[in-house]
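Here the structure comes first, spelled out in structure tokens, and everything after it is commentary.
What follows is calculated from the coordinates using simple rules that are stated; it is not laboratory data. On a predicted model such as this, the values are computed, not experimentally measured, just so you know. Glycine gets a Cβ as well: all are built from the backbone with ideal geometry, and neighbour counts include every protein chain shown.
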Amino acid sequence: MPRPARRRDVRQKSRGISPYIFLSIGAVAIVAIALGVTLVNQARSPGEAVPLMPAQFRNAHTWLGISMDSNEKGENIPYTTDPPTHGPHTTFLAAWGVHKDPVPRAILIHNMEDGGVVIWYSPTLAPVDTIKKLTEITQRYPKHVVLTPYPPLTTPIVLTAWERILRLDNLDEGKTVEFINAYQGIDHHAR
């Protein structure tokens, strides 16, 4: 008697598909969908994603053991883009709004970490009327937007947010406002 019961158990087990297979397939499908949604959203986001610095430097307030507050210009730091979008920076912020003189990069990176968008312009490549229009746009946002001249630019206008960059040869108000609205106010502090 016990023998037929064992055969029946074996046959029942071999007939059905293990629930673990369904769970595994479901988990893989969920991961694939999440990855696809993330990639589609990134593709639709204004500007381009920037290659990341090594993790230990992304949110660092020190660089090679030197306090960024004592080396606030960050001139020798190998950021992944120029102007930078993330990386070692000071512990203090630039005032939001329009600046007539260049603001050090390491300060503005902290602004971006705190949800800021920085509009950099070349004082030699951007026409005066473009700078006036950028000033008007910046003044619409009392928080989270900084406008600064940046003489090393090879493009007239560059917008940056944490790990995002948009280069413009000519002022495009629609793209500028879209970029600001997409990224301003998003806090990027490591948690």
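A straight chain from S45 to V128 at 0.36 nm per residue would run longer than the Cα-Cα distance by 27.0 nm. Relative protection proxy for 139-147, 122-130, from highest mean packing down: 139-147, 122-130 (other beta-carbon atoms within 10 angstrom). The stretch between E173 and H189, if pulled fully straight at 0.36 nm per residue, gains 2.9 nm over its current Cα-Cα span. Scanning residues 5 or more positions from V98 or on other chains, those with amide H under 5 Å from its amide H are L147, with H placed 1.01 Å from N in the peptide plane. Note on T154 and A182: with the Förster distance fixed at 30 Å, the Cβ-Cβ geometry gives a FRET efficiency of about 0.80.
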